[in-house]
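See structure below.
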Amino acid sequence: MDDVKLIRLNKFISNSGYCNRREADNFIVQGRVCVNDKVINKLGVKVSIDDNVKLDGNSISPNKLVYILLNKPKGFHSINLNNKKNIFSLLPIKKYHNLQSLDFLHENYMGLMIFSNNQEFIKHMAKKRQDIKQLYHLVLESDLKQIDLNSIQNDLKSNDIMILNINYVDGAKKNEIGLELSLKQVSDIDNIFLKFNYKVLSLDRVLYSNMTKKDLPRGKWRHFKKQELINLKAF
């Protein structure tokens, strides 16, 4: 058999979206993986895309790895997936199995969300989120005072949050804010403003790393461009 067509067994398993490569290695060592009805418990074994691979007796096959950018509309759940109006109802889940989101946006929040069936990518990016620039358009319940804007810009720094820039939105009221930062959890934004007694009424993530929602209508999705994926994997 042409060795060019062979891939490592752990990669074959992880490409199914069932687990990452390290977890696949553990399954192999535990004797839970069969290839063509033969138990494989040694690492480094290579298989063909056409081999019959089973994990715990269940056949698995590698999926095409996909990376999707969604412009989430208001009113769609990303946590309570039992609700019919959830983010996955907007995605091609029948075509691409095991899609996972990189993070979550509150039901009434909007903007860019990242999805993939590559668990290794999702776990890697989850660890690097605080290093990635994000831009948000916020609407507060009341006007943001200049003194509070300055305090947020200058004083608020932690291991999980780094404010890069905060400003009023040009031509809008003083309760509309542009916020550029890096952080682990979007919910931290609510806490930033609650600290100064402001409530966030609306949140729209308009930029994530080098990806924008330009030409991506609300409620629509697209595949990553090649360079976008390269840039994210570089973190």
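Quick check, is ASP103 modelled with pLDDT of 90 or more and of a type in the set (Asp, Glu)?
Details: modelled with pLDDT of 90 or more: yes; of a type in the set (Asp, Glu): yes.
When the stated conditions are applied, ASP103 passes them.
Do we have ILE230 as surrounded by fewer than 16 Cβ atoms within 10 Å (Cβ to Cβ), outside any loop (DSSP other than H, G, I, E, B) and either under 17 Å from the mean Cα position of the chain (by Cα) or among the β-branched types (Val, Ile, Thr) (or both) here? For ILE230, the condition - surrounded by fewer than 16 Cβ atoms within 10 Å (Cβ to Cβ), outside any loop (DSSP other than H, G, I, E, B) and either under 17 Å from the mean Cα position of the chain (by Cα) or among the β-branched types (Val, Ile, Thr) (or both) - is met. Filtering the range 102-128 down to residues that are among the acidic types (Asp, Glu) and part of a loop (DSSP other than H, G, I, E, B), which residue is surrounded by the fewest Cβ atoms within 10 Å (Cβ to Cβ)? Among residues in the range 102-128 that are among the acidic types (Asp, Glu) and part of a loop (DSSP other than H, G, I, E, B), the one surrounded by the fewest Cβ atoms within 10 Å (Cβ to Cβ) is GLU107.
Just give me the residues in the range 1-50 being in contact (Cβ under 8 Å) with a residue 24 or more places away in the chain, surrounded by 11 or more Cβ atoms within 10 Å (Cβ to Cβ) and part of a loop (DSSP other than H, G, I, E, B), in sequence order. Residues satisfying the conditions are ASN15, SER16, GLY17, TYR18, CYS19, ASN20, ARG32, LEU43, VAL45, ILE49.
Report whether or not VAL47 is of a type in the set (A, V, I, L, M), modelled with pLDDT of 90 or more and in contact with a helix residue (DSSP H, G or I) (Cβ under 8 Å, 6 or more places away or on another chain). For VAL47, the condition - of a type in the set (A, V, I, L, M), modelled with pLDDT of 90 or more and in contact with a helix residue (DSSP H, G or I) (Cβ under 8 Å, 6 or more places away or on another chain) - is met.
Here the condition is being under 19 Å from ARG218 (Cβ atoms) and either in contact with a helix residue (DSSP H, G or I) (Cβ under 7 Å, 6 or more places away or on another chain) or assigned by TED's automatic domain parsing to the domain that holds VAL186 (or both); of PHE115, PHE76, PHE104, PHE88, it holds for PHE76 alone. The lone criterion from (1) surrounded by fewer than 17 Cβ atoms within 10 Å (Cβ to Cβ); (2) aliphatic (A, V, I, L, M); (3) touching a Ser or Thr at 6+ places or on another chain (Cβ under 6 Å) left unmet by ILE60 is number (1).
Evaluate the following for LEU232: is it in contact with a Phe, Trp or Tyr (Cβ under 9 Å, 6 or more places away or on another chain) and under 24 Å from ALA126 (Cα atoms)? In short, yes.
Out of ASN210, ASN165, report the one residue that is under 21 Å from ASP103 (Cα atoms) and at pLDDT 90 or above. Talk me through it step by step, then tell me what you get.
Values: ASN165 fails: under 21 Å from ASP103 (Cα atoms).
When all the criteria are applied, what remains is ASN210.
One residue alone among LYS84, LYS54, LYS46 is more than 16 Å from PHE104 (Cβ to Cβ) and touching a Cys at 6+ places or on another chain (Cβ under 6 Å), and that residue is LYS54.
Name the one entry in ILE87, ILE68 that is free of Cβ contacts under 8 Å to residues at least 60 places away in the same chain and among the β-branched types (Val, Ile, Thr). Can you show your working first?
Values: ILE68 fails: free of Cβ contacts under 8 Å to residues at least 60 places away in the same chain.
When all the criteria are applied, what remains is ILE87.
Evaluation of HIS223 against the conditions (1) out of contact with any Leu (no Cβ under 8 Å at 6 or more places or on another chain); (2) assigned by TED's automatic domain parsing to the domain that holds ILE122; (3) of a type outside the set (A, V, I, L, M, F, W, C) shows that the sole unmet condition is (1).
Of these, ASP148, ASP170, ASP188, which one is more than 24 Å from the chain's Cα centre (by Cα) and touching a residue at least 12 places away in the same chain (Cβ under 8 Å)? Walk me through it before giving the result.
Working: ASP170 fails: touching a residue at least 12 places away in the same chain (Cβ under 8 Å); ASP188 fails: more than 24 Å from the chain's Cα centre (by Cα).
Going through ASP148, ASP170, ASP188 in turn, just one is more than 24 Å from the chain's Cα centre (by Cα) and touching a residue at least 12 places away in the same chain (Cβ under 8 Å): ASP148.
Restricting attention to the range 63-97, and to residues there that are in a strand (DSSP E or B) and of a type outside the set (A, V, I, L, M), which single residue is surrounded by the fewest Cβ atoms within 10 Å (Cβ to Cβ)? The selected residue is ASN86.
The values are calculated or read from the model by the stated rules, or taken from the named source; none is laboratory data. Keep in mind it's a predicted model, so treat the numbers as computed, not measured. So basically every Cβ, Gly included, is an ideal-geometry build from the backbone, and we count neighbours across all protein chains shown.
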